[in-house]
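Take a look at the structure set out below.
Values in this text are rule-based calculations from the coordinates and carry no lab data. These numbers come from a predicted model, not from an experiment. Cβ atoms come from the backbone with ideal geometry, glycine included; neighbour counts cover every protein chain shown.
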Amino acid sequence: MKILGINGSPRGSQSQTLRLVEAVLKGVKVSGAEAELADLCKLRIEYCNACGTCYKTGRCIHEDDFQELYDKILASDGLVLGSPVYFGSVTAQMKTLIDRMSDSIHCQLLHGKYGCAVSTAGSQGHEEVTEYINRILVAMGADAVGSAGANMNEPLDVAEMEAFQLGRTLAEAIETRRSYPEQEGVHEMMRARFGKLVEMNKEEWTHEFAYWVTMGWLEE
Ligand SMILES: Cc1cc2nc3c(=O)[nH]c(=O)nc-3n(C[C@H](O)[C@H](O)[C@H](O)COP(=O)(O)O)c2cc1C
């Protein structure tokens with residue numbers, strides 16, 4: 001079982017959000033999983049320029065650190081995404097990563113994986129950020145198992161304990177292939193919506209169409 005944690009704070013080892021990502025990874029490790037941590041802000045990841053090349057070829061035109069991270073994301077069984085609250089949302093670095101994964105929505109590339117979100121805020125907004133991250137994970141096909149977060153005017157220890165438990169929940173969900181019936185409806189809706197879109201564009205989005213056929217979700 002492979003779990004990848006990604007921290008979207010630019011504060012490196014000083015990051016409070018990092019403490020929560022690490023606590024989740026500790027939780028998955030006691031369950032026997034292999035855990036890896038990526039510091040997103042140390043990577044060079046360019047903006048998506050909406051050229052649509054990934055829809056056609058499955059590869060991005062930018063030559064930067066994205067593909068190596070994306071390969072790790074796609075090879076993982078579980079994901080932990082962490083971001084501090086920046087003006088009520090995720091950091092620009094986390095949003096840039098999400099945008100670059102645009103074909104993950106079209107092809108539901110996180111299908112079969114599980115994920116969770118952590119966030120810290122100066123005063124408020126960590127729930128909104130973890131809800132946003134989990135919504136994106138589900139939109140890309142994953143099941144979201146929960147979240148943990150804190151405001152910096154509260155002690156971080158409680159959130160760290162919650163994050164540790166979240167890691168155990170993540171590992172258990174993967175091991176038992178736990179189903180989340182309330183998220184199943186979203187997966188069905190996304191597959192219906194993007195199935196139509198990929199079918200409509202199949203002459204141009206050859207890579208995505210071939211992927212859908214391989215998955216048995218569309219017929220040739
Ligand atoms: C550019 C910027 C924007 C921020 N926006 C918010 C905000 O909207 N709400 C909030 O409560 N805290 C905000 N903060 C504070 C951070 O969310 C908070 O310090 C967080 O714990 C930092 O996490 P980190 O240590 O992992 O980087 C902001 C900080 C920065 C640098």
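Data table
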item: Cut-off of 10 Å, at most 13 other beta carbons, DSSP loop: longest stretch of the chain lacking such chymotrypsin sites (Phe, Trp or Tyr not before Pro); result: 88-220
item: 222 nm mean residue ellipticity, helices alone, for the chain (DSSP H n ≥ 4; -39,500 (n - 2.57); rounded to 500); result: -15500 deg cm²/dmol
item: Cβ-placed point charges (K, R +1; D, E -1), dipole of region 2-179 about Cα centre in debye, nearest 20; result: 240 debye
item: Cleavage-rule hits, GluC sites (Glu not before Pro), region 28-82, DSSP coil, Cβ neighbours within 10 Å at most 12; result: Glu63
item: GNM result for the chain, Cα springs below 10 Å: residue of Thr91, Thr130, Thr206 fluctuating most strongly; result: Thr206
item: Choice from Ala35, Ala173, Ala50 with maximal GNM fluctuation in the chain (Cα, 10 Å cutoff); result: Ala50
item: Stretchable slack from Met152 to Ser13, in nm (0.36 nm times residue separation minus alpha-carbon distance); result: 48.4 nm
item: Distance between modelled label sites at Lys72 and Asp99, nm, 7 Å Cα→Cβ extension; result: 2.2 nm
item: For region 95-220: Kirkwood Rh in Å [reciprocal of mean 1/r, alpha carbons]; result: 16.0 Å
item: The chain: most fluctuating residue of Ile174, Ile98, Ile61 per GNM, C-alpha cutoff 10 Å; result: Ile61
item: Cα-projected label distance for Lys2 with Tyr47, points at 7 Å along beta-carbon direction, nm; result: 3.2 nm
item: Å³ per residue enclosed by the Cα convex hull of region 2-179; result: 99 Å³
item: Neighbour-limited loop hits for trypsin sites (Lys or Arg not before Pro), region 18-109 (at most 10 other Cβ within 10 Å; DSSP other than H, G, I, E, B); result: Arg44
item: Cross-link table Lys113/Lys196; Lys2/Lys95; Lys29/Lys196; Lys42/Lys196; Lys2/Lys202, entries beyond 31 Å C-alpha to C-alpha; result: Lys29/Lys196; Lys42/Lys196; Lys2/Lys202
